[in-house]
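First up is the structure itself, then whatever we jot down about it.
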């Protein structure tokens, strides 16, 4: 369904995504995990076509997103939905208008048909009856679910989720995770989830990709990730503070900063 | 010391030129979407309503008090040289050629321009622009172009309203309060005001509308995606627009003299 070949995204000297080859299978829930700054959101934006890569290819249904024109990209996007980290609901529109937005934009359906479809999508995410509420009146979990309903409005083949459970209480996070899992199973759509919520990620995934410093360090089924002998994988999934993945990201030695850099209190060795 | 100052000035000039170039390219690429499909006609009208109608009250108040002050001040100056009969054209020329377009534009920047920058900045911070992009709706056409066009179309109408209100207020003060002959006031005004004066004011309002639309949308789009970044961009947009309005006013005035 989606394939990347030699994908790179550099910001100056920082390699946010470094030579990534991945294959996302149709009908799977693929979970991309990694710590903060590991490049997972950048990778998601690349495969969603929101960012042009420094180099490499992103093949969506056989077409390279980095090379297609805007018109074709928009045609392909009709098959795609996305749930953003902060929901990204259009805050001047109410829930009904948000969910019906893609239908009003891209179809000539009668308003009664659109209303029926929106009601079905809202029922699917458990928010039927909230049509007239404004985004500012919704809790974080409700806003995520409305964003999910909006992403499903056009019955997409692929839905991208950027940190779908971040900032949610455990119950709301569980609801959102099970919605992703159940909807993917029922509709046979493909889901790509970026998260650092290890437990939720491993629970809903068919395929897991673990990133560190912009590179894939492990991938496979959740069971194989759990049993991986790579110390970086074990440190990440067990949330251990000490291990090969350092807490400090400084390039220079701490003692050098204190002893030799100008502008510091001079310390005797 | 001098070397670092020169370096700082040089870098600032280069950054300024880069920004002007970037804003110009942004303006041209956005305006080139005017005829692109799907046509945003309905959204132009909606933005004109939000931007134009929302600015109406402040424009009427500013126009009324500008006309009243001009009549009051003008009368006390002209009566010293016995030419109070010229009060009408003095008020009308000042309003139509200069104060109408400039003051209306400055008020428009404060009311509508700042809200455009803040709204676009917040849409960026909250990923709403990306959400539109993912829903196959071009945010440059839907969000940015519609606001620029709404500014270009709304400001001339608001300037016309400012002019009418200002002239009427000037008439009330001059004729009803200060006792200038009404026939003379109107006759001299009609006699001294030509089409070139109306064109001058109208041309300015169109350029100001375009300037405000492009600068405010550009600053919103390029705002650092933080709360402080959006606030800073809004302030900078208002300041930049205000200064540019005065500079362009001088340039256009020199062409119409």
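The values are calculated or read from the model by the stated rules, or taken from the named source; none is laboratory data. These numbers were taken from a predicted model, which means no experiment stands behind them. Neighbour counts are summed over all protein chains in view; Cβ atoms, including those assigned to glycine, are modelled from backbone coordinates with ideal geometry.
Observations on the model:
- Residue list for segment A:213-232, restricted to those being touching a helix residue (DSSP H, G or I) at 6+ places or on another chain (Cβ under 7 Å) and crowded, with 22+ Cβ neighbours inside 10 Å: A:225
- Filter pass, residue B:188 being modelled with pLDDT under 95 and touching a strand residue (DSSP E or B) at 6+ places or on another chain (Cβ under 9 Å): no
- For segment A:118-141, the condition of being without any contact (Cβ under 8 Å) to a residue 40 or more places away in the chain, more than 27 Å from residue A:197 (Cα to Cα) and buried (at least 20 other Cβ atoms within 10 Å of the Cβ) holds for at least one residue.
- For the residues B:155, B:172, B:144, B:167, the requirement of being closer than 30 Å to residue A:71 by Cα and assigned to a helix (DSSP H, G or I) singles out B:144.
- Tallying residues that are in a loop (DSSP other than H, G, I, E, B), farther than 14 Å from residue A:191 by Cα and modelled with pLDDT of 90 or more within segment A:12-30 yields 0.
- At least 1 residues being under 28 Å from residue A:78 (Cα atoms) is the threshold, and among the helices (runs of 4 or more DSSP H) wholly inside segment A:135-227 those reaching it are A:140-152, A:170-187, A:198-204.
- Total residues in segment A:31-47, condition surrounded by fewer than 23 Cβ atoms within 10 Å (Cβ to Cβ) and either in a loop (DSSP other than H, G, I, E, B) or away from every other protein chain (no Cβ under 14 Å) (or both): 3
- Complete set of residues in segment B:125-139 that are within 7 Å of chain A (Cβ to nearest Cβ) and either touching a residue at least 12 places away in the same chain (Cβ under 8 Å) or part of a helix (DSSP H, G or I) (or both): B:128, B:130, B:131, B:133, B:134
- Tabulated pairs, segment A:52-78, first within 14 Å of another protein chain (Cβ to nearest Cβ) and touching a residue at least 24 places away in the same chain (Cβ under 8 Å), second part of a strand (DSSP E or B) and surrounded by fewer than 17 Cβ atoms within 10 Å (Cβ to Cβ), C-beta under 9 angstrom, 6+ apart or interchain: A:76/A:63
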